[in-house]
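Derivation of every value follows stated rules applied to the coordinates shown; laboratory data play no part. Everything numeric in this text was worked out from a predicted model, so none of it was measured. Cβ coordinates were reconstructed from backbone atoms using ideal geometry, including for glycine residues, and neighbour counts include every protein chain displayed.
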């Protein structure tokens, strides 16, 4: 008897398994999943959704859809709020018994969003369909986790402007709800390794959307060792204006690598400011920056332990650094600088004060400077970050350095990297016993006139020339 019961149970299990396989492989499951997807889209958005074609591979738990359309409150003759040419989803069963399923991956190809903004700021976004209408409780519209996602060849059309977009990332978590009391959406979003061009970011943010306003709070961006936090809002969808207050800690080599300026090898920076955007003026930003422990190496030039502070103004054309102050090699610099919006051409001008000549020569690769003085004067520098072309002009006065043999002088210098030349015009260096006057080009012909009452004064310079 016990054996017959056991055989019956096994047979029943086999029958159930075979029936489940037939169901999974059949049209019934595919149609059930398609209807569930459409129902969830319409419930969470309040719009009318349709799918042109749909397929489901139960072996790989993969669903594919073509021509997904979501209509909002726009007229039937207008472009739909959302049209997706192709969409592919790979599912991951977290718990079979709890019916908990995550999205292992999501690929969205050619999504087109047509956002209509009316003069009063209202849009064609529909209102969610609430299960039990109430004016006190918010209803969850979306609770989503995606292992990896990719949005390809996206297009946003709003207020007559066409804005292409793409995005890739991992570990996307999104939670959104609708509050009928305040007629607003609330949400949280988190993304790891969000790739935007050459940048890979981790992003966390809170969102709140009302009729004519989108707020961002608790924004956190992370890239390697760099961190940025902020909050802001986008207002007046008809004539949009955005502002974002931000502050952060930046790893200078990471930021320099983005603009392909590898000469900065070390340093950190603290930044705080305000970014703005509107359709007529475009983007702009103001900020304060303090950078320290900077190390720069380019060719034979090596500078360590530098410090820089500056006020920064940026727009679509250029970035301006004013109230620029720097400390390096025992001296100070005050001035200003400009960089174009492509991070290619730059210009710097200002005043040097009390720069130790021995430390400057050492930074340039000269390990035993013959004399020591303090250089002060004006300097101008301009160049191209792509070609690394540099042109520099300096008018410097040399004064004696405390604790060193007296040295004074004047140097008018012009350096051009493209020409590989260093020119000196009407320069001189003098000690109590010796005076050197020179002019010309170091790379071609340098004219030197020397007068000395003590020839031992010239030995350090002669040894330096012979060693080079």
### Summary
Computed from the beta carbon distance with a Förster radius of 60 Å, FRET efficiency for residue 441 and residue 189 to the nearest 0.05 stands at 0.50
### Task
Please give the FRET efficiency for residue 214 paired with residue 239, using the beta carbon to beta carbon distance and R0 = 25 Å, rounded to the nearest 0.05.
0.95
### Task
Give me the compactness ratio for the stretch 308-351, meaning the Cα radius of gyration over 2.2 N^0.38 Å.
1.20
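What is the extension gain from residue 156 to residue 181, computed as 0.36 nm multiplied by their sequence separation minus the C-alpha to C-alpha distance, in nm to one decimal?
6.0 nm
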### Query
For the stretch 215-346, what is the convex hull volume of its Cα atoms per residue in Å³?
107
### Query
Taking the stretch 153-214 on its own, what percent of its Cα-Cα pair distances exceed 14 Å?
68
### Task
Could you work out how far apart the two model spin labels at residue 200 and residue 304 are, taking each label as a point 7 Å from the Cα in the direction of the beta carbon, and quote it in nm?
3.0
### Query
How would you rank 209, 163, going from fewest to most other Cβ atoms within 10 Å of each one's own Cβ?
163, 209
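Taking a cut-off of 17 Å, what percent of all Cα-Cα pairs in the stretch 157-295 are separated by more than that?
When all Cα pairs of the stretch 157-295 are counted, 70 percent exceed 17 Å.
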### Query
How fast does the stretch 138-187 diffuse by Stokes-Einstein, in µm²/s, taking the Kirkwood radius from C-alpha pairs at 4 °C and 1.567 mPa s?
98
### Message
Could you check the spin-label model distance between residue 342 and residue 86? Points 7 Å from the Cα along Cα→Cβ, value in nm.
### Response
3.5
### Query
Once fully extended, how much extra length lies between residue 75 and residue 311, figured as 0.36 nm per residue of separation less the alpha-carbon to alpha-carbon distance?
80.0 nm
### Coordinate range along principal axes, alpha carbons of the stretch 306-409, Å, largest first
51, 28, 22
### Task
Please find the FRET efficiency linking residue 281 to residue 173, where r is the Cβ-Cβ separation and R0 is fixed at 30 Å, and quote it to the nearest 0.05.
0.30
### Message
Suppose the chain between residue 144 and residue 60 were pulled fully straight at 0.36 nm per residue; how much longer would it get relative to their current alpha carbon spacing?
### Response
28.2 nm
